[in-house]
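> What follows is a single structure, and I will ask about it in a moment.
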Amino acid sequence: MNFGTPAQGHTAPHRVAGLVLAAGAGRRYGGPKALVRLDGQLLVERAVRLARDGGCVPVVVVLGAAAPVVRSRADLGDARPVENPDWSTGMGSSLRAGLAALADTDAVAALVLLVDMPGITAEAVRRLVALAAPDRLATAGYGTRRGHPVLLGRTHWTEVSASAVGDVGARPYLRRNAARLEVVPCDDVADDADLDTPSGTAS
C-alpha cells in the first residue's frame, strides 16, 4: 500500500489517525469543555482542525457527556464521532473507545489530543506525526515535563487499551515503556496547559 511521500519532513510516510478525546462533563469547569467557545470556535472544532492541519487522517472524536448537543452544535467536518457510553468512568474508557474505533482503519499510529488544551498547535502535531511507525511511542516535551500530543504506534494499541483505566489514559503504559518513549520538544511552538476555569472564554 502506498501511503504517499513525506513533504519537507512534516508529513509522515504512513497514515496517522487523529484521536480527539472530548467526552468529559467538565464538572470543575461548569460544563462539557467540548462546547466551550474560544476565539469564535468550539474547543472540539479547534481540536479536530488541529488534527487535520497536523496531517492526521482519519480523525475520530470520542464524545460522551452531552454528546447529542455536541453533534448538533459542532462542525466536525469529516471527523468520525464515536460515543463512549462509559465516559463517566474517566479518560481511560474514552481512549479505549477511540482506539477500538480505529481498528478497522489502515492507520499505523494514533495521535491523541485532549479537547481542553487550546494551546496545542498544528506544528506540535506535525512534529509527532512525522515520527509515525507501528512500533513508535512519542510524546510532546515541555522543558523537563512530558505532555500532549501523544503518538501511539499501532502495535501498542492493545496493551495501551488494557492499561487505560479510570482517568489515567495511556500514562501507565508509557511509564512502563519509558525506555522506548521518544520525547519531542514542543515548548517553542505549543502549550499543553488544560483549560480548567471559564476565565477568558465565552460560552
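The values are calculated or read from the model by the stated rules, or taken from the named source; none is laboratory data. Every value quoted in this text rests on a predicted model; they were computed, and no experiment measured them. Here the Cβ positions follow ideal geometry from the backbone for every residue, glycine too, while neighbour counts run over all protein chains shown.
> Out of the residues in the stretch 162-203 that are part of a loop (DSSP other than H, G, I, E, B) and of a type in the set (S, T, Y), which is modelled with the lowest pLDDT? First the steps, then the outcome.
Keep residues of the stretch 162-203 that are part of a loop (DSSP other than H, G, I, E, B), which gives 164-170, 177, 186-201, 203.
Those still in the list that are of a type in the set (S, T, Y) too: 197, 199, 201, 203.
On the way: T197: 60, S199: 57, T201: 46, S203: 39.
Filtering first and then ranking leaves S203.
> Looking at the stretch 132-139, can you tell me whether even one residue there is of a type outside the set (S, T, Y) and in a helix (DSSP H, G or I)? Spell out how you get there, then give the answer.
Looking only at the stretch 132-139, we keep the residues that are of a type outside the set (S, T, Y), and these are 132-138.
Those still in the list that are in a helix (DSSP H, G or I) too: none.
Checking the stretch 132-139: not a single residue is of a type outside the set (S, T, Y) and in a helix (DSSP H, G or I).
> Next question, about the same structure. Yes or no: G24 at pLDDT 95 or above, under 20 Å from the mean Cα position of the chain (by Cα) and small (G, A, S)? Give the steps one after another, and end with the answer.
Details: at pLDDT 95 or above: no; under 20 Å from the mean Cα position of the chain (by Cα): yes; small (G, A, S): yes.
The answer is no for G24.
> Oh, and also: With S72, S88 as the choices, which residue is more than 24 Å from A122 (Cα to Cα), surrounded by fewer than 24 Cβ atoms within 10 Å (Cβ to Cβ), in contact (Cβ under 8 Å) with a residue 40 or more places away in the chain and hydroxyl-bearing (S, T, Y)? Quick ask: steps written out before the conclusion?
On the way: S72 fails: in contact (Cβ under 8 Å) with a residue 40 or more places away in the chain.
Testing whether each residue is more than 24 Å from A122 (Cα to Cα), surrounded by fewer than 24 Cβ atoms within 10 Å (Cβ to Cβ), in contact (Cβ under 8 Å) with a residue 40 or more places away in the chain and hydroxyl-bearing (S, T, Y) leaves just S88.
> Filter the stretch 1-21 down to the residues that are of a type in the set (G, A, S), at negative phi and in a loop (DSSP other than H, G, I, E, B), then identify the one that is modelled with the highest pLDDT.
Among those that are of a type in the set (G, A, S), at negative phi and in a loop (DSSP other than H, G, I, E, B), it is A12.
> Something else now. Restricting attention to the stretch 81-106, which residues are more than 15 Å from V20 (Cα to Cα) and either assigned to a loop (DSSP other than H, G, I, E, B) or hydrophobic (A, V, I, L, M, F, W, C) (or both)? Please lay out each step first, then the result.
Keep residues of the stretch 81-106 that are more than 15 Å from V20 (Cα to Cα), which gives 85-86, 88-89, 103-106.
Correct list: P85, D86, A103, D104, T105, D106.
> Filter the stretch 58-80 down to residues that are over 13 Å from the mean Cα position of the chain (by Cα) and in a strand (DSSP E or B) and give me whichever is nearest to L95 (Cα to Cα). Write out each step before concluding.
If we filter the stretch 58-80 for residues that are over 13 Å from the mean Cα position of the chain (by Cα), which is where we start, we get 64-78, 80.
This time we only want the ones that are in a strand (DSSP E or B), so: 64, 66, 80.
Working: G64: 12, A66: 18, R80: 15 Å.
In this case the residue turns out to be G64.
> Just the residues that are buried (at least 22 other Cβ atoms within 10 Å of the Cβ) and in a helix (DSSP H, G or I), please, taken from the stretch 140-156.
R154, H156, listed by residue number.
> Also, I was wondering about something else. With over 16 Å from D192 (Cα atoms) and small (G, A, S) as the only criterion, which of G143, G98 stands out? Talk me through it step by step, then tell me what you get.
Details: G143 fails: over 16 Å from D192 (Cα atoms).
Answer to the check: G98.
> Output yes when any residue across the stretch 31-50 is buried (at least 18 other Cβ atoms within 10 Å of the Cβ), modelled with pLDDT under 95 and part of a loop (DSSP other than H, G, I, E, B), and no when none is.
yes
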